[in-house]
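Novice: Structure below; questions to follow.
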Amino acid sequence: MGRAICFTGHRIIASAQLPALQTELRGLLITAIATGFLDFYAGGALGWDTLCAEQVLELRNTYPGIALHLVLPCAPETQTARWRSARQVAAYDRILNAADSWECVGQDYTATCMRERNQRLVMLADCCICYYRKSAGPSGTAQTIRMAQKKGIPVINLADMTEK
């Protein structure tokens, strides 16, 4: 079994940063694949999770040995029930259907399901690639980064590389 990377990041990313962020992410993933990272875990949220999942799926065309795994906080229909954009739900559905595997940490949305999802992501990973703006303050992303640091795995923050 290959080594694994999990993703964590903010749901909102400034559109002006997207091109540089996508370029950095793609380059980082290609380097990771070349060094033996084959499994990629995303949490199924909007924003960073979606961006990373789409990038892995695109790279899977060139690197068929890699796999996208989704670790969801609750059942797919529950997770997207309050999403306002049909476009976002459609993207989620495409990613879910294209993923190599997916699991839910619980059936229903609860006060703890996101934390449990984050713990599971870190448990499965040997490295964490994140998009975390320190100015964002307390967040699930910050929580997941702390979990990864406590586990002792590398954390690569692409916000540090793309925000100048």
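Novice: As an exercise: evaluate TYR132 against (1) closer than 24 Å to GLU24 by Cα; (2) among the hydroxyl-bearing types (Ser, Thr, Tyr); (3) at pLDDT 95 or above and give the number of the one condition it does not meet.
Specialist: It is condition (3) that TYR132 fails.
Novice: With respect to the numbered conditions (1) within 16 Å of the chain's Cα centre (by Cα); (2) closer than 20 Å to ILE156 by Cβ, which one is the sole condition not fulfilled by LEU72?
Specialist: Here LEU72 meets the rest and fails (2).
Novice: How about segment 135-152: which of its residues are under 21 Å from LEU28 (Cβ atoms) and either in a strand (DSSP E or B) or open to solvent by 70 Å² or more (accessible area, probe 1.4 Å) (or both)?
Specialist: Residues satisfying the conditions are GLN149, LYS151.
Novice: Continuing with the same structure: Consider segment 106-134. How many of its residues are surrounded by 13 or more Cβ atoms within 10 Å (Cβ to Cβ) and touching a Ser or Thr at 6+ places or on another chain (Cβ under 7 Å)?
Specialist: Residues flagged as surrounded by 13 or more Cβ atoms within 10 Å (Cβ to Cβ) and touching a Ser or Thr at 6+ places or on another chain (Cβ under 7 Å) within segment 106-134 amount to 7.
Novice: While we're on this one: When only residues in segment 34-47 that are in contact with a helix residue (DSSP H, G or I) (Cβ under 7 Å, 6 or more places away or on another chain) and aliphatic (A, V, I, L, M) count, which is most open to solvent (accessible area, probe 1.4 Å)?
Specialist: First, the residues of segment 34-47 that are in contact with a helix residue (DSSP H, G or I) (Cβ under 7 Å, 6 or more places away or on another chain): 40-44, 46.
Next, only the ones that are aliphatic (A, V, I, L, M) stay: 42, 46.
On the way: ALA42: 0, LEU46: 39 Å².
Top of the filtered list is LEU46.
Novice: Another question about this same structure. Scanning segment 75-100 for residues that are at pLDDT 95 or above and under 14 Å from the mean Cα position of the chain (by Cα), which turns out surrounded by the most Cβ atoms within 10 Å (Cβ to Cβ)?
Specialist: Filtering segment 75-100 for residues that are at pLDDT 95 or above and under 14 Å from the mean Cα position of the chain (by Cα), the one surrounded by the most Cβ atoms within 10 Å (Cβ to Cβ) comes out as ILE95.
Novice: Which residue pairs have Cβ atoms under 7 Å apart, sit 6 or more places apart or on different chains, and have a first residue in segment 112-129 that is under 21 Å from LEU29 (Cβ atoms) and a second that is of a type in the set (D, E, K, R)?
Specialist: Pairs found: VAL122/LYS151; ASP126/ARG3.
Novice: On the basis of being touching a helix residue (DSSP H, G or I) at 6+ places or on another chain (Cβ under 6 Å), open to solvent by less than 20 Å² (accessible area, probe 1.4 Å), free of Cβ contacts under 8 Å to residues at least 40 places away in the same chain and closer than 30 Å to ALA34 by Cβ, does LEU68 make the cut? Show your work before the answer.
Specialist: Working: touching a helix residue (DSSP H, G or I) at 6+ places or on another chain (Cβ under 6 Å): yes; open to solvent by less than 20 Å² (accessible area, probe 1.4 Å): yes; free of Cβ contacts under 8 Å to residues at least 40 places away in the same chain: yes; closer than 30 Å to ALA34 by Cβ: yes.
Considered against the rule, which asks whether it is touching a helix residue (DSSP H, G or I) at 6+ places or on another chain (Cβ under 6 Å), open to solvent by less than 20 Å² (accessible area, probe 1.4 Å), free of Cβ contacts under 8 Å to residues at least 40 places away in the same chain and closer than 30 Å to ALA34 by Cβ, LEU68 comes out as yes.
Novice: Mind checking which residues of segment 48-62 are in contact with a Phe, Trp or Tyr (Cβ under 8 Å, 6 or more places away or on another chain) and open to solvent by 20 Å² or more (accessible area, probe 1.4 Å)?
Specialist: Scanning segment 48-62 gives a single hit, THR50.
The values are calculated or read from the model by the stated rules, or taken from the named source; none is laboratory data. None of these values were measured; they are calculated from a predicted model. Positions of Cβ are backbone-derived with ideal geometry, glycine not excepted, and every protein chain shown enters the neighbour counts. We work out accessible area using only protein heavy atoms, side chains counted, and drop any ligands, DNA or RNA first. Shrake-Rupley method; radii C 1.70, N 1.55, O 1.52, S 1.80 Å.
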